[in-house]
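Single-structure report; data block below.
Throughout, read-outs are computed from the coordinates displayed, never taken from laboratory work. Here the structure is a predicted model, which means the values were calculated and not measured. Virtual Cβ from ideal backbone geometry, glycine too; neighbours counted across all protein chains shown.
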């Protein structure tokens, strides 16, 4: 592969390397260190990777591999498309954004993001307020953070991301099962664990080329 | 005479311009198309839409989005003509 580096996310400094199905067909992900931080990267041929379904999926899947790596790692995800000309430019960004990354890593330490979408049946009008209240009641205490995401479809009554301690993951799974049992008329999409995309917000404005 | 015509015509042209602008913005509603793309993906993931239908609809919406973004760009630069 090429000499550019595609960065998926940042973790506490650690040597990590695994085979993967990465961006633009990359077959390996590994860490590049800057002091107490490591960025998980793959080597690719361009600093402007295309925005395809395959690449978007690869970005998420590599981060999921890291979340599961050797018992689980905490990661601050990069937004899609962060590619750097070489290690030097990547390290410069890590240096400039180090305080923000460290703060974000502390905030999401030991936590994962879980997604919950609840849809009404096709051509049915669900009581969105009642469903959202039921979601608040069932999941509110199991999460340490909640993000109200865009309801981009008329059928979408709930679209939320939850930040959950790894230790509470099983309880959250059970709560989703109970919610589905109680609301058989609704369609539930439960996804994750994801890197905490909705709970970190680091603006990387540095030049990457 | 030409001057008087212009003065009379101007308010009506302004209103017409505004109506046409609104029509173009509704016709080329980029956010609505992006929402439709997300809904298409979600229905596919939930198994409510076949892969063939998902891909077909995705292609249609991407074409629509491309056209809408270009139209809005042209509208911003005042180079688009909307025929009434």
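Quick notes on this one:
- Taking a ≥ b ≥ c as the square roots of the Cα gyration tensor eigenvalues, region A:4-109 comes out oblate, since a/c reaches at least 1.5 and a/b does not exceed b/c.
- Backbone N under 16 Å from the residue B:38 label point (7 Å along Cα→Cβ), restricted to region A:138-158: A:147-158
- Within 10 Å of each Cβ in A:119-128, the average number of Cβ atoms from other chains: 1
- Cα long-axis angle, helix A:87-96 against chain A (0 to 90 degrees, to the nearest 10): 60 degrees
- Axis angle, to the nearest 10 degrees, between helix A:128-139 and the longest C-alpha principal axis of chain A: 70 degrees.
- Gyration tensor analysis over the Cα atoms of region A:12-63 returns equivalent ellipsoid semi-axes of 21, 11, 10 Å (largest first, whole Å).
- Computed over chain A with a Gaussian network model linking Cα atoms closer than 10 Å, the most mobile of A:20, A:89, A:191 is A:191.
- Shielding by partners for peptide A:150-157, expressed as the average number of C-beta atoms from other protein chains within 10 Å of each residue's C-beta, is 4.
- Taking the number of Cβ atoms within 10 Å of each Cβ as an exposure proxy, the fewest-first ranking of A:183, A:59 is A:183, A:59.
- Dimensions of the protein assembly as shown based on its C-alpha atoms, expressed as ranges along the principal axes with the largest first, amount to 83, 54, 38 Å.
- Extension gain from residue B:46 to residue B:76, taking 0.36 nm per residue of separation minus the Cα-Cα distance: 7.0 nm
- Value at 222 nm in deg cm²/dmol, rounded to 500, when DSSP H runs of n ≥ 4 in the protein assembly as shown each add -39,500 (n - 2.57): -15000 deg cm²/dmol
- If R0 equals 35 Å, the separation of the Cβ atoms of residue A:33 and residue A:174 corresponds to a calculated FRET efficiency of about 0.35.
- The residues B:28, A:30, A:6, when put in order of fewest to most other Cβ atoms within 10 Å, stand as A:30, B:28, A:6.
- Taking a ≥ b ≥ c as the square roots of the eigenvalues of the Cα gyration tensor, region A:35-91 is classed as oblate, since a/c reaches at least 1.5 and a/b does not exceed b/c.
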